[in-house]
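One structure is given below, encoded as structure tokens.
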Amino acid sequence: MVEIDIEKENKAIAQEYKELLRISYQTLSPEDKKLIRKAFDVAVEAHQDQRRKSGEAYIFHPIAVAKIVAGEIGLGATAIAAALMHDVVEDTDITVEDIEKLFNPKVAQLVEGLTKISQVKKDMNISMQAENFRKMLLTLNDDVRVIIIKLADRLHNMQTMESMVDYKQVKIASETLYIYAPLAHRLGLYNIKTQLEDLGLKYTEPAVYNDIVSKIKETKEEQDAYIKSISDVLKKSLDEEGVEYIIKGRPKSIYSIRRKMAAQNVSFDEVYDKFALRIVYKSNPHDEKFLAWKIYSVVTDHYRPSPSRLRDWISSPKSTGYEALHITVMGPLGRWVEIQVRSERMDEIAEKGYAAHYKYKQGANEESGLDVWLNLLKEALENAETNAVDFVEDFKMNLYAKEIYVFTPKGEIKSLPKGATSLDFAFSIHSEIGIKTRGTRVNGRLVPLNHELKSGDQIEIITSQHQKPTINWLDYVTTSRAKNKIRNVLNENTKKIAEDGREILSRKLKHLKITLNEQTINELVAFLKLKTSLDLFYRVGIGSIDNQQLKDFAAQKSNTFINFFKNKIKRGPSANPELIQKNELSSSYDMLVFGVEQDKLDYKLSTCCNPIPGDPVFGFVTINEGIKVHKRDCPNAISMQSNYAYRIMQAKWIDSSQQDFKAILEITGMDSLGLTNELTRVISNNMHVNIQSISLSGEAGIFNGTLAVIVPNNTILKKLIDNIKKIDGVDKVTRVYNS
């Protein structure tokens, strides 16, 4: 009985292998077929004693992955061979060196990249997940095909997850929705993305998934009849025009229907554009664009289009290489229908993404959108200062971002993620331009740096050699590139101010007969309840530590012996030094912020671990109770982080005294020539003050002014007020508290 099963299984394996060669998108040469055969033999032998959880021979998995790589994604022989052997090094005694000897360095390099990714621990916490995701992306520096084969591997695992336990299904599906589907989207693999999203929903929200599937089946006949009624009308006119085409009707993916239902808070029946029509036409390269607009003309002769929902990705392809014309028209029965118009070449690029894009590129000089994106990705990866969780969050945001198309003053077109600002645009041209940006003009009008751009805008950047980024700039940008550059410059500025601060501190302590050495620095940091010496020097540099505080420190230092006994009596013998330190920390670091942008959000402290200010913590987004804050070593932390990675938020305590604050000053005096100039000179000479707004008026020799400034702390504000009072003609400077 077993013998017959084995024989039957071997026949099935041979059949799968033939199918793999037959469905290959690329034309395989005899050498290619030899390479694939050899890889197949190595894989069969390596996995001969292994079985999957479902009980079938393990070899079916690598063949299935190779079939996705060859047919659905359309890569060539090297990638097919690597896909067949993607688990060989991990599961058997064969090494990467053996593969290099048997095949070639390229195949070995791909297998090694895939082995590195699969060595990720299965039950890791969020930061491990993020760190390994970053490592996985680093393999892109070697070859993007590593990630593509990994996507095929993940797709097949998702297709065959029935025999897994529930909690593992949820974890793998969550990870798929969190990382792999956005990656497939960014690489232009829309079919793979759709399958990953639908399967992700199947295991994370099975009831919702099954409900939508059954409703799609129920309405299938009605949908088909509706699509046929539109197709019949269009076919008649397209045939008259002599266009060679095919029309396909396709339902929207289950996941996108679910997303629409949630976003618009509607039921399945109320989601109108649940399906789209696709017209794929034959054309030579020269007539492609002309024919697309000819078809557009035919469609709009019969159905009224929505002008706001026309998407022309033929004139400006997406950065993934996607090209098409999307027209949303009002169909019969008052329903909106999306009609996609693509040539056969565009259809291949939409279906196969990367592989077709390169097939049609044929040595064009122009950098493709994918190349540009890979270069930006390398830049982000090289910026190792960002912690891994921030990196993944930033990266994900830019993966799924929709695109807008804007122009430089010379009329060159640039694509940016939707939501990008005029400051993002400056950084997209060059980081040096971004750093020196003083102002921006959009369509000839001066706009703030955080002005959100729209498709078709023309942007001009005004730069100044004296301009420097401020902490507020992080709120003005949305792209990872701009954020990383701004953070780097801010860190450098902090260090420069701290260096000046050290010199100032050394001079001031000399007057107080104290030498600045390591012991003094540590004592001062503790005395002022700060965290680090950098913090100390920075605060001296910006003037927020005044002479009185240093005099108090000197007095305390000269009286150390008496203080020692006082403290001994006050604290008693049972005092816990750790507790004292924690009290000092929590009094200084008293504000909780979340995420990369350090947002102030509503939260509750969880009762399972009762965190207090100063504890290392993270935020967990609950379904009904908003954000709950847990200690990092909370008993429930590991299970939350490994099972619900996508609901974890980075959180940390910060010193609320280091925030920037807005203050409004009212100034009155006698109007005199040059008063305004003198006023702005005094303010701008104070390097730590930003003017947010200024309004001045004069009447009959009396001068009135309102000034809104952004300052780090009260000390600097007091210094500013004193300096303004010294200006000739100024009578009164008052701080007002109603903005």
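Coordinate-derived values only; no laboratory data. Everything quoted here is computed from the prediction, not taken from an experiment. Here Cβ is always computed from backbone atoms with ideal geometry, including for glycine, and neighbour counts include all displayed protein chains.
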### Message
Taking the Cα centroid of the range 276-344 and of the range 402-468, what is the distance between the two, rounded to the nearest whole Å?
### Response
30
### Protection-proxy order for peptides 539-552, 715-728, each taking the mean of Cβ atoms within 10 Å per residue, highest first
539-552, 715-728
### Task
Rank-order 331-337, 84-90, 691-697 by packing density, defined as the average count of other C-beta atoms within 10 Å over each peptide's residues, highest first.
84-90, 331-337, 691-697
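Would you mind checking the pairs K171/K318; K436/K485; K318/K483 and listing those with alpha carbons more than 21 angstrom apart?
K171/K318; K318/K483
Highest first, please rank the peptides 148-160, 26-38, 412-424 by the mean number of other Cβ atoms sitting within 10 Å of their residues.
148-160, 412-424, 26-38
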### Query
Once phi is turned into θ = phi - 60°, what whole-Hz ³J(HN,Hα) does the Karplus curve with 6.51, -1.76 and 1.60 give for every residue of the range 428-442, x standing for Gly and Pro?
5, 6, 6, 4, 5, 5, x, 5, 9, 5, 9, x, 9, 10, 10
### Which listed pairs, of K508/K662; K529/K551; K557/K718, have C-alpha distances above 19 Å, in listed order
K508/K662; K557/K718
